[in-house]
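Report on the following structure.
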Amino acid sequence: MERFGLTHRFFGELTDDVLIMVSELVTNAQRHAGDAYHSGSFTLWHPNRWLVLTVHDKGTYVPWRETYQSHELAWDADWEGGGRGLALVRGLAERNLGELDWANDGDRRNPGKVARVRMLLPDLVWPHQFEDPFTGRLVSP
């Protein structure tokens with residue numbers, strides 16, 4: 001995140017939230033898809049006013065129900081049983097004007113999924129062009 005100029009000094013709460021979201025999503029991918037498939041990836045990029053993080057794994061189950069359970073259920077439930085990480089990620093994303101969504105990775109031979117969190121950043125200008133890793137498009141401000 002420092003590479004993007006998003007240092008803890010100026011974006012402390014955001015950087016803390018991103019660290020928690022990455023930890024939860026990577027742990028979830030490893031716990032639920034890691035035994036069967038030892039591949040996966042994590043990306044973080046900053047297209048213009050957005051901060052986007054993705055976690056890709058080869059598990060086929062997309063946890064819609066777990067993602068969209070209410071925040072109250074997530075906080076009141078027994079923490080030993082697990083199952084609140086995705087609600088936590090969604091809540092942190094929403095707190096940072098963002099969202100958590102899921103997509104199929106498009107691999108027909110060995111399908112998997114991608115968890116994506118997009119968050120709107122404060123008023124920043126990102127003057128560089130970059131290639132969107134999903135579409136291959138060149139993106140500029």
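See the values below:
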read-out	value
Surrounding net charge for Arg116, when Lys and Arg each add one and Asp and Glu each subtract one, Cβ distance under 13 Å	-2
Order of Leu88, Leu53 under a 10 Å beta carbon neighbour criterion, fewest first	Leu88, Leu53
Residue order, fewest to most surrounding Cβ atoms within 10 angstrom, among Met1, Met119, Met21	Met1, Met119, Met21
Where labels lie 7 Å past Cα in the beta-carbon direction, separation of Leu88 and Arg137 in nm	3.4
The stretch 47-59 - phi-based ³J(HN,Hα) in whole Hz, Karplus 6.51/-1.76/1.60, Gly and Pro as x	x, 6, 9, 10, 10, 10, 10, 10, 10, 10, 9, 9, x
Residue order, fewest to most surrounding Cβ atoms within 10 angstrom, among Arg108, Arg116	Arg108, Arg116
Extension gain, Asn104 back to His8 (0.36 nm per residue minus Cα-Cα distance, nm)	31.3 nm
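Since every read-out is calculated from the coordinates, none of them should be taken as a lab result. Keep in mind that this is a model prediction, so the values were computed, not measured. Here Cβ is always computed from backbone atoms with ideal geometry, including for glycine, and neighbour counts include all displayed protein chains.
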